[in-house]
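Provided herewith is a single structure, encoded as structure tokens, for subsequent inquiry.
The values are calculated or read from the model by the stated rules, or taken from the named source; none is laboratory data. What you see is a predicted model, and the numbers here were worked out from it, not measured in a lab. Counting neighbours? That spans all protein chains shown, and the Cβs are built from the backbone with ideal geometry, glycine included. Side chains included, ligands, DNA and RNA excluded: accessible areas come from the protein's heavy atoms. Shrake-Rupley method; radii C 1.70, N 1.55, O 1.52, S 1.80 Å.
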Amino acid sequence: MAMFCDLQVDVNGEEVFMVNKKTLASFSCRLSKLFGKSMGTTSLKVIFHDFPGGAEGFELMTRFCYNNGTIEITPSNLVLVYCIANFMEMDGDILLQAQNTLDGISSWTWSELLVALKQCQDLLAPSNSSLILQIVMDCIIGKLSCPFFPTPNDTTSSENVSSFQFSSGSRSSYNLKSNCSMKTWWFEDLMFLNTKSIEMVIRSLISKEIEQSTVFKFLLRYHQSKCFGAKPEEKCKITEVVIGLLSLLDRRSLSFKGLFNIYQAALNMKVGKKYKNKLEIMIGSHLDQATIDYLLVPSPCGKKYVYDVNLILRLGKSFLLQEGVHLSRKSRFTKVAKLMDLYLAEVAPDFHLKPSKFAALVMMLPASVRESHDRLYEAIAVYFKCHTGLSEQEKLTICCALNYKKLSAGPLKQASRTKFPSRRAVEAFKKQRSKLRSVHQEVYYIRTKDKKEEIESVLLDAKSLDLPTEAQKLSADLMHLKALELGKVFGTMQIRVTSVIKSRLPFQATNTRYLSKLFP
């Protein structure tokens, strides 16, 4: 073979090679088409800006070409060979040799698999769903899903992984700590994965039914490791990807502490609102695992109240949606009720906390989940003491959550001696609220404008009820509104009637206006 060097090659601006163009063109269709009729011309120069593997990759190709189409292909260079062959349009022997090496992937060591995966990540375009990437990924996940796959420190050879078993004697020597170590030993090995690769790995782990609590721990470790020292925009991207992957896991495999740690990190980044909402839903579903220290989150910047009560209301709403209305797991509700009583005691002295917000907090949970209402009463009493300008209706609204039957003798006696709304007044107010809701429902479900008489009848019934001043205003406003709206399309009328009624009803937790901005 002629060794005359008539081709100068600049690879990715790193190094200049002098090679024989005929030798390379005989194996590369790309070079053959590039040279064309100029094959006999001397002193040509080719510049590659994106050659796979840079100078190392080009040197690997030239060794193959100068060695008459043979080269040692190993797990450490297999992916690079594939990429070079595709880039330079090299058919035939090199791909056949690479395929033979790939066929033996089941016998590769863990380290060799990691090298191949890293090369796939570095050399293949993010949009390239290469077959070799899928094969390497499947092999790695397959080994992780094997219950008795040995760690890299084990003396068992990788060739025997599929038949690896513990003897009855050795199994008993493994304690709980070593068993936990066997589940997590691979965490650090996969920290090199980028956000695109981590999505593929996690989805594969889930599909292979790897224990999801282990996957959850891995994602927490991955988030912590990748965010350390990263730029703000990189941290934001990593956090969003991790949140998206966490939402794929079974809620039972998650923990409040781990989720809240990510949430605290997300608050200092420009993480998208939809990702924060996802995270809040997951955190809320584990509210029974929280302690009071986690809930005492400072208020958002620019707000006067001490703690972020809107966040707690959102978490409480997520918890209720997760558990449903049947209270099937009473123990979880009991824990959250005790937690909320502690939280109410902390926020009650805050002079800037509006009655509507405090009322939303006290009414967040069904009254039946509290075995005793003593602590709830104490928190309400502190709030009344620190907010002396409350109207009677505001007090009644707050006390709607209080069940006097669940008060012990001490608080009950204390309530009777203070300006606390009496049990009789609270019960009467509840009934009046119930009647107003009935009025609202009757108006809401009237479907056509032809039912003028029925609407007026409902409004007259509402006016005849023994309601407080606000309710009387409500009835009058409804009648006035009806007179103005009879000539218009009923759909518009229905929306405005509903709006007026809601605006006049006493505050309810379900009508709370949640603020999306959190503390910086």
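Across region 85-100, which residue is nearest to residue 32 (Cα to Cα) among those that are open to solvent by 50 Å² or more (accessible area, probe 1.4 Å) and not in a helix (DSSP H, G or I)?
Among those that are open to solvent by 50 Å² or more (accessible area, probe 1.4 Å) and not in a helix (DSSP H, G or I), it is 89.
Mind counting the residues in region 129-171 that are in a loop (DSSP other than H, G, I, E, B) and modelled with pLDDT under 50?
Residues of region 129-171 that are in a loop (DSSP other than H, G, I, E, B), as a first pass: 129-130, 146-157, 164-167.
Then keep just the ones that are modelled with pLDDT under 50; that gives 154-157, 164-167.
Result for region 129-171: 8.
Follow-up question, since we're still on this one. Could you pull out the residue among 209, 188, 199 that is among the acidic types (Asp, Glu), open to solvent by 60 Å² or more (accessible area, probe 1.4 Å) and at pLDDT below 90?
After applying the criteria, what remains is 209.
Any residue that is crowded, with 17+ Cβ neighbours inside 10 Å, among the basic types (Lys, Arg) and in contact with a Phe, Trp or Tyr (Cβ under 8 Å, 6 or more places away or on another chain) - is there at least one of those in region 221-244?
No, region 221-244 contains no residue that is crowded, with 17+ Cβ neighbours inside 10 Å, among the basic types (Lys, Arg) and in contact with a Phe, Trp or Tyr (Cβ under 8 Å, 6 or more places away or on another chain).
Can you find, within region 102-128, the residue that is modelled with the highest pLDDT among those that are over 25 Å from residue 188 (Cα atoms) and open to solvent by 30 Å² or more (accessible area, probe 1.4 Å)?
103
Results for (1) open to solvent by less than 10 Å² (accessible area, probe 1.4 Å); (2) modelled with pLDDT of 85 or more; (3) not in a loop (DSSP other than H, G, I, E, B); (4) not β-branched (Val, Ile, Thr), shown as yes or no for each residue.
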| position | (1), (2), (3), (4) |
| --- | --- |
| 30 | no, yes, yes, yes |
| 47 | no, yes, yes, no |
| 58 | yes, yes, yes, yes |
| 63 | no, yes, yes, yes |
| 74 | no, yes, no, no |
| 83 | no, yes, yes, yes |
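Of all residues in region 302-320, count the ones that are farther than 13 Å from residue 357 by Cα, open to solvent by 30 Å² or more (accessible area, probe 1.4 Å) and not in a loop (DSSP other than H, G, I, E, B).
Going through region 302-320 one residue at a time, the tally reaches 2.
Looking only at residues in region 269-301 that are open to solvent by 40 Å² or more (accessible area, probe 1.4 Å) and part of a loop (DSSP other than H, G, I, E, B), which one is farthest from residue 386 (Cα to Cα)?
So, considering only residues that are open to solvent by 40 Å² or more (accessible area, probe 1.4 Å) and part of a loop (DSSP other than H, G, I, E, B), the one farthest from residue 386 (Cα to Cα) is 270.
What's the total number of residues in region 92-140 that are under 30 Å from the mean Cα position of the chain (by Cα) and among the acidic types (Asp, Glu)?
Total satisfying the criteria: 2.
Residue under question is residue 344, and the condition is that it be in contact (Cβ under 8 Å) with a residue 60 or more places away in the chain, under 30 Å from residue 394 (Cα atoms) and either under 16 Å from the mean Cα position of the chain (by Cα) or in the same structural domain as residue 382 (by the TED database) (or both); does it hold?
no
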